[in-house]
Amino acid sequence: MSSSIEQSPSFEGDKGKKDKVSPKERDNMLEYWSLKNHEAALEGADKKLVKIDAFQESEDLVSRLNSIRGFNEEEESETEMAQDLQKAKEGIREIEETLGEDTVEELKQEGLQRIRAFERKRRELLKIEEDLKQAINQTISKIYQDPELSESSGVWDRINRLQEQLASIPEAIETLSRQSPEAFLWNQVKWLREQKRLFESSGIIETPGIKKITGEIFQDVRKKLEGRNGIVTLLGPTGSGKTVLARKIGEEFSIDGEYEFVSAHSKMLPEDLLYRLGIKVDSVEAEDVPELIKEAQDRYEQKNPDLDNKELEQAKQTIARVVQDQAKEKAFKTEKIEEAVIRAASEGKVLVIDEFNYLPPETLASLNNLLSTRPGEVVSFGDDQIEVHEGFRVVFTGNVGEEYIKRQKLDPALVNRVLSGIVKYEYPPQEIDRPLNDSVLDSESIEAGEDPPNRDLFLSGLVQLADRNGNLVAPEDTLEKTWDLSRAFALIQQLAEGKDLRDLGIENEYTQDVSSFDIDTVFLSFRDFNNVIREWSLDSYAKPIDWYVYKNIIRPASVVDPKEAAQLYWSFKQQGQMFKGDEWSDIKVNPQTWSISGTFKISEDDIPSNKVENKLFGVKELAELASGEEAPSVVKSEQIADRKQQIDSEQIYLEMEKYLEEMEKDLRDESFVEELCA
């Protein structure tokens, strides 16, 4: 097999052992660790698979099937998993033979030591981040309970300084990770693993860009929700993730994480938000029956004091039978059932109203009194009154702009309350112009303060593609295709917001004579992006990624809005480098009129197979593409370590000098000398 292992000269000591480890050997060890990680994951998956009884039964049935067909099992090709595992084992064996077992073990222990040192500091910083965030939040809550504090600009200046320190912690972790190649790779793989588990449990991926944006938004949200208004209006383009963020806000600011959620629509009436009539079923629990019998008997006895004991006892027996019979029956009655708005206000929860701009003006106006009521006060809804409890807050999400405000006849007071709580939320950042091979900066550029190109959509795809161990086994062009897909998605999202190609810096031969874009029906979200990537990977990359974009986006869009389908197809073709093969020649797009034809002439059978030999992506390559930074060089990291050791030595020397000065001073003190000699 082909290998990227670099041969390095041996440095023989007097006893035949290497007395110095070369940078090339350290690089070889990075590949060794990556292959060991692949080996463990592949073997683990295979062991779990063969333990499934149904799988073993399937294998036996296929063997019988091949026997009937006359196929020779020995002639069957190895499975893809077996081939990948064989590659990993061969690579590991080649490195062990090149470096020798002693050197491999020595380098392994050195690398583990650097990783452990970094991980200890990383965990310490993450604990500080968690505790500092909680302390700041508690402080802000207390501040709003004291008007003297909440109106002081000096107080908020100190809070802002604390929040700046909180926001600096992720960068501090990144800086620490650059001190050695092992720490850098571990930091990126750790992030991939954590995000994989987070996505599997919650459907959320927290890329660095998203985390930064949401962190800033949460700071703003906290001030608005815990201030006097208690209202946040989260505005942003369709598909940008507002709803997910609003739910996180609901969990964060509600007691025990419980909040009320309303998905608004244009037919929603005021009573849909407040109350509805429903049928309630009343039934009696068995353990309550004796108490009910006793209460009924006592009431009867009080009303009939003249009965003798025999008559009273007979009456009590009759009452017991009647109550027991009634308890067996279920009672149905119609009554008002509280809806989300009333529940949230009366129980002190956060109320999330998603896409509130779909609500008719009269429905939105029904909330006016409630939004003006402070905790502890009573608000009226027709004949009903409820007390608003502490903790009640409102989060709106929507796409509200000036056009909506002008079009709808809204109460000016309500508009003022809604707009005073505005927080903007945009699409996560993603580079749309630079190719993947130009997206990783070298260490000199990073040290000069240059930021890597944005890659949040790409990172979302990378999390989808990698396994739970942070490995990726896929065709060699997988990451390049994922990057191109993310560029196309990001471009389409920008165009949907009304931006022009030329304003985005996209000018080439394909943009000549292209009509302006008008996308207001088919919006592409994180969910759409992840669906394409996930289906592609779960299908073992059987077809080119173009097919999954066509099946999940272009074909459905051509039914909903052919004009927008034409714009999407053009964008994926030019920016995403897709639909270039002859198999797509039936689809025609006119960029002057944005017309499209031939979208239903394509079938899966027309698309050629994409099956090629898999590549075991190295952890170094994944880490660099995930971070946008070149991994620290071995030589530079050793220089950093040497410099740190020098600084530590200098510090010890200075401390010793100080100690000697104090000792000389003490020795001049007669009482100290007498005490010392005693």
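Observations
- Selected residue (criterion: modelled with the highest pLDDT) from residues of segment 233-263 that are in a loop (DSSP other than H, G, I, E, B) and in contact with a Gly (Cβ under 8 Å, 6 or more places away or on another chain): Tyr259
- Candidates in segment 420-458 are the residues that are part of a helix (DSSP H, G or I) and in contact with a Phe, Trp or Tyr (Cβ under 7 Å, 6 or more places away or on another chain); of these, the one that is nearest to Gly230 (Cα to Cα) is Leu457.
- The set of residues in segment 175-189 that are in a helix (DSSP H, G or I) and surrounded by 16 or more Cβ atoms within 10 Å (Cβ to Cβ) comprises Leu176, Ser177, Pro181, Glu182, Ala183, Phe184, Leu185, Trp186, Asn187, Gln188, Val189.
- Candidates in segment 559-588 are the residues that are open to solvent by less than 40 Å² (accessible area, probe 1.4 Å) and more than 20 Å from Glu497 (Cα to Cα); of these, the one that is nearest to the chain's Cα centre (by Cα) is Met578.
- Residues in segment 276-325 that are surrounded by fewer than 14 Cβ atoms within 10 Å (Cβ to Cβ), under 54 Å from the mean Cα position of the chain (by Cα) and modelled with pLDDT under 80: Arg276, Leu277, Gly278, Ile279, Lys280, Val281, Asp282, Ser283, Glu285, Ala286, Glu287, Asp288.
- Selection within segment 592-620 - in contact (Cβ under 8 Å) with a residue 12 or more places away in the chain and assigned to a helix (DSSP H, G or I): Glu604, Asp606, Val619, Lys620
- Exclusive hit being surrounded by fewer than 19 Cβ atoms within 10 Å (Cβ to Cβ), at pLDDT below 90 and in contact with a Lys or Arg (Cβ under 9 Å, 6 or more places away or on another chain), set Ala641, Ala631: Ala641
Conditions (1) surrounded by fewer than 11 Cβ atoms within 10 Å (Cβ to Cβ); (2) of a type outside the set (A, V, I, L, M, F, W, C), marked per residue:
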| site | (1), (2) |
| --- | --- |
| Ile128 | no, no |
| Ile136 | no, no |
| Ile143 | no, no |
| Ser152 | no, yes |
| Glu164 | yes, yes |
| Pro170 | no, yes |
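- Total residues in segment 467-510 satisfying the condition of being part of a loop (DSSP other than H, G, I, E, B), buried (at least 20 other Cβ atoms within 10 Å of the Cβ) and at pLDDT 90 or above: the figure is 1.
- Selection from segment 197-232 of residues that are more than 14 Å from Lys248 (Cα to Cα), open to solvent by 50 Å² or more (accessible area, probe 1.4 Å) and not in a helix (DSSP H, G or I): Arg228, Asn229
- In this entry, Ser266 is excluded by the filter for residues that are in contact with a Phe, Trp or Tyr (Cβ under 6 Å, 6 or more places away or on another chain) and either among the aromatic types (Phe, Trp, Tyr) or open to solvent by less than 60 Å² (accessible area, probe 1.4 Å) (or both).
- In segment 129-158, the residues that are farther than 23 Å from Glu171 by Cβ form Cβ pairs under 7 Å with partners that are small (Gly, Ala, Ser) and in a helix (DSSP H, G or I), at six or more places apart or across chains, as follows: Ile143/Ser150; Tyr144/Ser150.
- Listed by position, the helices (runs of 4 or more DSSP H) inside segment 514-591 whose residues that are farther than 18 Å from Pro608 by Cβ number at least 1 are 526-538, 555-560, 562-574.
- Taken residue by residue, segment 137-154 has no member that is under 30 Å from Tyr541 (Cα atoms), of a type outside the set (A, V, I, L, M, F, W, C) and at pLDDT 85 or above.
- Among the conditions (1) among the β-branched types (Val, Ile, Thr); (2) at pLDDT 85 or above; (3) open to solvent by less than 80 Å² (accessible area, probe 1.4 Å), the only one that Ile52 does not satisfy is (3).
- Per the listing Ile159, Ile136, the residue uniquely closer than 30 Å to Thr397 by Cβ, over 25 Å from the mean Cα position of the chain (by Cα) and part of a helix (DSSP H, G or I) is Ile159.
The values are calculated or read from the model by the stated rules, or taken from the named source; none is laboratory data. All values derive from a computational prediction rather than experimental measurement. Ideal geometry is used to build each Cβ from the backbone, glycine not excepted, and the neighbour counts take in all protein chains shown. Remember, those area values only see protein heavy atoms, side chains included, never the ligands or the DNA or RNA. Shrake-Rupley method; radii C 1.70, N 1.55, O 1.52, S 1.80 Å.
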